[in-house]
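Novice: Dumping the structure here so I can ask a few things about it.
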Amino acid sequence: MVEEHIIVQNAKKKEMINMHGLIIVNKEKDWTSRDVVNRVSKILDIPKAGHTGTLDPLATGVLVVAIGEAVKLVDSLTNETKEYIAEVECGTSTDTLDVLGNILEEKKDFVLKREKIEEVLNSFLGISIQEVPLYSSIKVNGKRLYEYARNGEEVELPKRDIEIYNIELLELKEKSFSFKVKVSKGTYIRSLIRDIGLKLNIPCCMKNLQRTKQGIYDIKDSHTLKDIENGNYKVISFYEILKDQPMVEVDEYIENKIRNGRILENRYKDDKIIFINKNKEVLALYEVYSQDKTKVKPTKVFNIK
């Protein structure tokens with residue numbers, strides 16, 4: 001009986017180690033994104049794990065965690081649009097742009113008007129330039145911005161192009177309001193709230209933030225860490241992740257070449273190709289070789305068996 005139990009345990013452990021794909025986690029407040037990834041990795045006993053877009057400790061909601069070979073897809077998945085519900089505290093600005101920071105300015109004599117807030121929110125629709133927050137992990141001259149902040153060092157904050165696709169006022173209170181927004185990669189909601197406050201002529205900072213969607217992944221399909229501990233979760237497979245992109249099924253002969261990272265003859269109509277085998281297992285991502293258009297070369301090969 002003891003031997004059978006050990007065999008079952010080892011089989012289950014091997015199955016977990018061989019899991020590859022995405023788990024949509026509903027991150028709780030006060031956890032860093034890295035904390036969540038480490039916890040998922042420990043629960044599932046999987047050495048390789050990562051995430052596709054940082055959430056601040058104050059924020060909650062959708063954190064897309066990649067496990068196993070899916071870690072190789074993280075860079076491409078970070079480019080997806082994101083949707084948030086943000087709660088704004090009015091009358092206070094801070095150095096971190098949220099309620100956890102040191103107060104820089106306070107204002108008590110103001111009135112929030114729905115029409116004015118809606119006008120300001122709508123003014124951010126489209127492409128604009130946003131200044132990155134000082135308290136962020138962006139690197140300048142090899143050092144993260146939050147390190148400059150902690151050391152009291154001056155640094156010029158980078159600016160980047162962002163796009164606001166939709167923005168909508170949800171609830172208005174006497175000294176706060178909430179809004180829903182869909183944004184491009186690289187948009188900082190804390191910075192957006194700061195800029196909204198500047199246009200309202202009222203100091204503002206972020207009180208709460210929930211990411212409700214990243215790309216096609218919605219919070220209604222997410223799992224808490226407790227769910228994952230209890231085995232109540234779904235791993236989104238490679239095939240599900242990539243099924244809307246051009247795929248080519250290959251025989252065993254070509255599969256062996258692909259698994260070994262070989263350059264292939266270009267017989268395909270698309271510049272980028274996903275190769276799968278007869279079992280619908282994703283083998284690799286290939287693209288046309290820039291130096292020889294008659295060839296396709298691997299950009300990512302997945303060790304999934």
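What follows is calculated from the coordinates using simple rules that are stated; it is not laboratory data. What you see is a predicted model; the values in this text were computed from it and never measured. Quick reminder, even Gly has a Cβ in these numbers, built from the backbone with ideal geometry, and neighbours come from all protein chains shown.
Novice: Would you please classify the overall shape of the stretch 147-201 from the alpha carbon gyration tensor, given that a ≥ b ≥ c denote the square roots of the eigenvalues, rounded means a/c under 1.5, and beyond that prolate means a/b larger than b/c while oblate covers the rest?
Specialist: Oblate is the answer for the stretch 147-201, as a/c is 1.5 or above yet b/c matches or exceeds a/b.
Novice: Any chance you could give the angle, 0 to 90 degrees and rounded to 10, that helix 33-44 forms with the longest Cα principal axis of the chain?
Specialist: With rounding to tens, the tilt is 30 degrees.
Novice: Cut-off is 10 Å between beta-carbons; in what order do THR78, THR52, THR224 appear when sorted fewest neighbours first?
Specialist: Details: THR78 17, THR52 25, THR224 14.
Ranked by crowding around the Cβ, least crowded first: THR224, THR78, THR52.
Novice: In the stretch 173-214, whose amide N lies under 13 Å from the spot 7 Å out along Cα-to-Cβ of VAL99? List them in ranges.
Specialist: 175-178, 205-210
Novice: Straight distance only, please: which aspartates and glutamates reach the Cα of LYS139 with their own Cα at less than 12 Å, same-chain residues fewer than 8 apart left out?
Specialist: GLU147, GLU156
Novice: Moving on. Enumerate the lysines that LYS226 could reach by cross-link, defined here as Cα to Cα under 21 Å, with residues fewer than 8 away along the same chain left out.
Specialist: Of all the lysines, those that pass the test against LYS226 - Cα under 21 Å, at least 8 places apart if same chain - are LYS12, LYS13, LYS27, LYS29, LYS42, LYS48, LYS213, LYS234.
Novice: Amide H neighbours of ASN266 under 5 Å, at least 5 residues apart or on other chains, H built in the peptide plane: list them.
Specialist: Residues meeting the amide H criterion: LYS295, VAL296.
Novice: How would TYR188, TYR268, TYR253 line up from fewest to most surrounding beta-carbon atoms within 10 angstrom? Write down the numbers at each step before the final one.
Specialist: On the way: TYR188 21, TYR268 15, TYR253 7.
Going from sparsest to densest Cβ surroundings: TYR253, TYR268, TYR188.
Novice: Right, something else. Taking H placed 1.01 Å from N in the peptide plane, check which residues at least 5 places from GLU105 or on another chain put their amide H under 5 Å from its amide H.
Specialist: Amide H neighbours of GLU105, under 5 Å, 5+ apart: SER93.
Novice: Moving on. Taking the Cα-to-Cβ direction at GLU154 and at GLN291 and moving 7 Å from each Cα, how far apart do the two end points lie in nm?
Specialist: Here the answer is 4.8 nm between the modelled labels.
Novice: Determine ³J(HN,Hα), in whole Hz, for all residues of the stretch 177-187 in sequence, where each value follows from phi through the Karplus function 6.51 cos²θ - 1.76 cosθ + 1.60 and θ = phi - 60°; x replaces Gly and Pro.
Specialist: These are the phi-based 3J(HN,Hα) values: 8, 10, 9, 10, 8, 10, 9, 7, 3, x, 7 Hz.
Novice: What is the helix-to-structure angle for 2-17, meaning the angle in degrees between its Cα long axis and the longest Cα principal axis of the chain, kept from 0 to 90 and rounded to the nearest 10?
Specialist: Helix 2-17 and the main axis of the chain meet at about 60 degrees.
Novice: If you plug each phi of the stretch 156-164 into the Karplus form 6.51 cos²θ - 1.76 cosθ + 1.60 with θ = phi - 60°, what whole-Hz ³J(HN,Hα) values come out, in order, with x for Gly and Pro?
Specialist: 7, 6, x, 10, 8, 6, 10, 9, 9
Novice: Quick check on the stretch 240-301: take the gyration tensor over C-alpha atoms, sort the square-rooted eigenvalues as a ≥ b ≥ c, and tell me if it's rounded (a/c under 1.5), prolate or oblate. Don't skip to the end; give the middle numbers.
Specialist: On the way: a/c = 1.83, a/b = 1.30, b/c = 1.41.
Oblate, because a/c is 1.5 or more while a/b does not exceed b/c.
Novice: Still on this model: When a/c is below 1.5 the answer is rounded, else prolate if a/b is larger than b/c, else oblate, so apply that to the stretch 82-214 with a ≥ b ≥ c taken from the square roots of the Cα gyration tensor eigenvalues. Could you put the intermediate results ahead of the total?
Specialist: Numbers: a/c = 1.99, a/b = 1.30, b/c = 1.52.
Here the stretch 82-214 falls in the oblate category.
Novice: Still on this structure: When the dipole is taken about the Cα centre of the chain, and only Lys, Arg (+1) and Asp, Glu (-1) are charged at their Cβ, what size is it in debye, to the nearest 20?
Specialist: Values: 50 positive and 49 negative charges, 114 e Å.
In debye, rounded to 20, the chain gives about 540.
Novice: Go ahead and run the numbers for FRET between TYR165 and GLU131, Cβ-Cβ distance against an R0 of 22 Å, rounding to 0.05. Show your work: numbers first, answer last.
Specialist: Working: r = 20 Å, r/R0 = 0.92.
After rounding to 0.05, the efficiency reads 0.65.
Novice: Measuring from centroid to centroid over Cα atoms, what is the spacing of the stretch 255-305 and the stretch 123-192 in Å?
Specialist: Centre-to-centre (Cα) distance: 38 Å.
Novice: Then there is this: Quote the FRET efficiency, to the nearest 0.05, computed for THR32 versus ASP244 with a Förster distance R0 of 51 Å and r equal to the Cβ-Cβ distance. Before the final figure, lay out each step's value.
Specialist: Details: r = 31 Å, r/R0 = 0.62.
Result of the calculation: an efficiency of 0.95.
Novice: If you don't mind, another one. In degrees, nearest 10, range 0 to 90: what is the angle between the Cα axis of helix 189-200 and the longest Cα principal axis of the chain?
Specialist: For helix 189-200, the angle is close to 30 degrees.
Novice: Just need the relative contact order of the chain here, percent rounded to a whole number, with Cα pairs under 8 Å and 6+ apart.
Specialist: Working: 603 pairs, mean separation 61.5, N = 305.
20 percent.
Novice: Given LYS82/LYS280; LYS272/LYS293; LYS116/LYS182; LYS243/LYS293, which pairs have Cα atoms separated by over 22 Å? Please report the intermediate quantities before stating the final value.
Specialist: Values: LYS82/LYS280 29 Å; LYS272/LYS293 12 Å; LYS116/LYS182 20 Å; LYS243/LYS293 25 Å.
With Cα atoms farther than 22 Å apart: LYS82/LYS280; LYS243/LYS293.
Novice: Would you kindly derive the ³J(HN,Hα) couplings of the stretch 127-132 from the backbone phi angles with the Karplus curve 6.51 cos²θ - 1.76 cosθ + 1.60 (θ = phi - 60°), listing them in order in whole Hz, with x for Gly and Pro?
Specialist: Coupling constants for the stretch 127-132: 8, 8, 10, 10, 7, 5 Hz.
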